[in-house]
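S.K.: Can you keep this structure in mind? I'll have questions shortly.
Coordinate-derived values only; no laboratory data. Everything numeric here is computed off the predicted structure, so don't read it as measured data. All Cβ positions, even for glycine, are placed from backbone atoms using ideal geometry, and neighbour counts span all protein chains on display.
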């Protein structure tokens, strides 16, 4: 994880690198530059730490991801806020959860999240299995408890069978840890290859001339200093307002970002750089969810992070590049979930404040 | 639609018919009796009134069914309460909707709903296209308006293209009526053939001996007087508490059922007989959603509708028959929905009371 100092260093490197970008490179040269900063998605399900991925684990994780009975109220599942029909997020400023409470930050997309350096806007979860335990317990989201999740799962014989198949070595496989591991396994399959990947993989025609110009600008202006790697972001932590702090409408003062995780003054208003794959599908933007227009978001970023005014033409080109990050979601057939039994804990929509 | 008088007549006929049932009929005789009361599901998508079903209409309807932007808040779609992973309903006493408000009645399953004589517990919508307009506008459900639905749809060019393809003859295809027609077309595909259908179609082995005994009891006791036809219910209106009114815990006094539709005294506490396909997946039971155990629901029905005490063994057999109504849902691949544009109306979670 990068500190502010390495951030600064990265920006300086970017400054130096700027000189190397030609105004109108050939596709071959553009690809060469791009491959120094970005990486195409793999064609197979990525491995994750301490969690061998099997077909049984993916199938179980998919069922859990879609199951609203994982929430106290029976209303919300992972899918509710990470909606796989609308870009893997909920298209709300911040999510609405248990008791109609509003979450504190914009829900990030679950697509390609497996490639992020850590999860949540402040990186407080090391990986997806750690992340999966958060919302299910958060009072403003699913408001459940690990004990109640496990009791719910154990009340349905089909789930017990599925957990046994997914965790064959475990004497007592139905645990909250395994619940999270199975969800991580399913989420690792949510990878969306995009025209940008085809371009990186050698197809000149995969990006329009405009998108190619946008990619060149994206690298040239320094956007790629923070938004790089396989997810075009999601790899490091940077202050929002590095050069010029945006207004409180976009950067609410109460949310100090990563400061809450590290308690380090330097981490005030520091957030994980947003991973930009499928960004055209996941308005509104930023952790505050305050900006709905992608072009406007590009302009806010240019000004606050780079101290640059981009022209309307430049912003349009950058958006054309960002559009090329919209990928093809894997075909996801709805799971058929086990029926409750008489011993399944009853849903409770009651709000404890 | 049946009046109370025809209801009574049906019950009398059932009383007469009772004598004809043997205690332990052969599968062939049992099937013969069953086919006088029930009908297997068709193998093709059923036709619906005034709405020719096409592949384009089904695809559009599926997108609309899954789209949370059809609600004012952006939180709820048709799928939220008619969850296709959990039996086509939400497994709640009554649904939780906009602003965390509780709906007045238990959400019925959308599976096979196309075969019901009318929609809603009180039959106030003639068909699924009329039904589809209800929840989207109900203040406690999706809290939206037809004008805002149409504005939302028109703001996304992909939807406009899909409406044009689904309604090729229409000059202005993006209308609230066509929204409802497309949803009806998708819902007409949600048909779930079950072991009971295989039995009706001639497969003796499709029902266990216990389920066969349950089916025989179901007809013999008179359950099939109200719960008959292709959906094993959903075909007529009957007073809840025909013989003995259940307690207010199960039959809340404030909800007079079909009385609100017809304003006829005879229709007090009259409801559409619940269609029983997939009943094992759709606890809790009754319009009030107060009973979670299917066996208990059978006992409540026997006592209140037939004035009969069923033995524990009889109830177990009837439940075994009801389990044979759990069908195979069609494979449903999640749609990929169009992205919002700058002109898409913003979601509002605000609650107007």
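S.K.: Could you give the angle, 0 to 90 degrees to the nearest 10, between helix B:176-187's Cα long axis and the longest principal axis of the Cα atoms of chain B?
M.R.: Helix B:176-187 and the main axis of chain B meet at about 40 degrees.
S.K.: What relative contact order, as a whole-number percentage, does chain B give when Cα pairs under 8 Å and 6 or more residues apart are counted?
M.R.: Once normalised by length, the contact order is 25 percent.
S.K.: Checking the a/c ratio against 1.5 first, then a/b against b/c, what shape does the Cα gyration tensor give for the stretch A:301-353?
M.R.: Oblate, since a/c reaches 1.5 and b/c is not below a/b.
S.K.: List the distances, in nm and shortest first, from the label point of residue A:316 to the matching label points in every other copy, placing each point 7 Å from Cα along the Cα-to-Cβ direction.
M.R.: So the distances to the same position in the other copies read 7.6 nm.
S.K.: Right, here's the next one. Which percentage, to the nearest 5, of the DSSP beta bridges contained in chain A is antiparallel? Walk me through the numbers before you get to the answer.
M.R.: Numbers: 8 of 10 bridges.
Counting DSSP beta bridges with both partners in chain A, the antiparallel share is about 80 percent.
S.K.: Nm distances between the label at residue B:343 and the same-position labels in the remaining copies, 7 Å along Cα→Cβ, shortest first?
M.R.: 5.8
S.K.: Between the stretch B:50-66 and the stretch B:240-266, how far is it from one alpha carbon centroid to the other, in angstrom?
M.R.: Cα centroid of the stretch B:50-66 versus Cα centroid of the stretch B:240-266: 36 Å apart.
S.K.: With chain B rotated onto chain A, spot the residue of B whose Cβ lies nearest the axis and note the distance in whole Å.
M.R.: B:100, 2
S.K.: Put a label point 7 Å from Cα along the Cβ direction on residue B:137, then list its distances to the equivalent points in the other copies in nm, shortest first.
M.R.: Result for residue B:137, in nm, nearest copy first: 4.6.
S.K.: What distance in nm lies between label points placed 7 Å from Cα along the C-beta direction at residue B:253 and residue A:35?
M.R.: Taking the two extended label points, one gets 7.9 nm.
S.K.: With N set to the residue count of the stretch B:70-109, report its C-alpha Rg divided by 2.2 N^0.38 Å to two decimal places. If you can, show how the numbers build up before the last one.
M.R.: Values: Rg = 9.7 Å, N = 40, 2.2 N^0.38 = 8.9 Å.
Rg over 2.2 N^0.38 Å, computed on Cα atoms: 1.09.
S.K.: Dividing the convex hull volume of the Cα atoms of chain B by its residue count, what figure in Å³ per residue is obtained?
M.R.: 131
S.K.: With the contact rule set at Cα under 8 Å and sequence spacing of 6 or more, what percent relative contact order holds for the stretch B:153-269?
M.R.: Relative contact order comes out at 10 percent.
S.K.: Checking the a/c ratio against 1.5 first, then a/b against b/c, what shape does the Cα gyration tensor give for the protein assembly as shown?
M.R.: Taking the square roots of the gyration eigenvalues as a ≥ b ≥ c, the protein assembly as shown is prolate.
S.K.: Another one. Any chance you could give the angle, 0 to 90 degrees and rounded to 10, that helix B:157-166 forms with the longest Cα principal axis of chain B?
M.R.: 50
S.K.: Checking the a/c ratio against 1.5 first, then a/b against b/c, what shape does the Cα gyration tensor give for the stretch A:277-330?
M.R.: Verdict is oblate for the stretch A:277-330.
S.K.: Now for a separate question. What value, in deg cm²/dmol to 500, does the helix sum -39500 (n - 2.57) over DSSP H runs of n ≥ 4 give at 222 nm once divided by the residues of chain B?
M.R.: -10500 deg cm²/dmol
S.K.: What spacing in nm lies between the two simple spin-label points modelled at residue A:158 and residue B:55, each 7 Å away from Cα in the Cβ direction?
M.R.: Spacing of the two 7 Å Cα→Cβ label points: 3.0 nm.
S.K.: Sticking with this structure for a sec: Relative contact order of the stretch B:192-325: what whole-number percent is it, with Cα pairs under 8 angstrom and at least 6 residues apart?
M.R.: Dividing the mean separation by the residue count of the stretch B:192-325 yields 34 percent.
S.K.: Could you give me the percent of Cα pairs per 5 Å distance bin for the stretch B:55-188, shortest bin first, beginning at zero and ending with the bin that holds the maximum distance?
M.R.: Histogram of Cα-Cα distances, whole percents per bin: 2, 11, 21, 25, 21, 12, 6, 2, 0.
S.K.: With angles folded into 0 to 90 degrees, how steeply does helix B:55-66 sit against the dominant principal axis of chain B? Use alpha carbons for both and round to 10.
M.R.: The angle comes out near 90 degrees.
S.K.: Set the Förster distance to 45 Å, then compute FRET efficiency between residue B:204 and residue A:244 from the Cβ-Cβ distance, nearest 0.05.
M.R.: Result of the calculation: an efficiency of 0.05.
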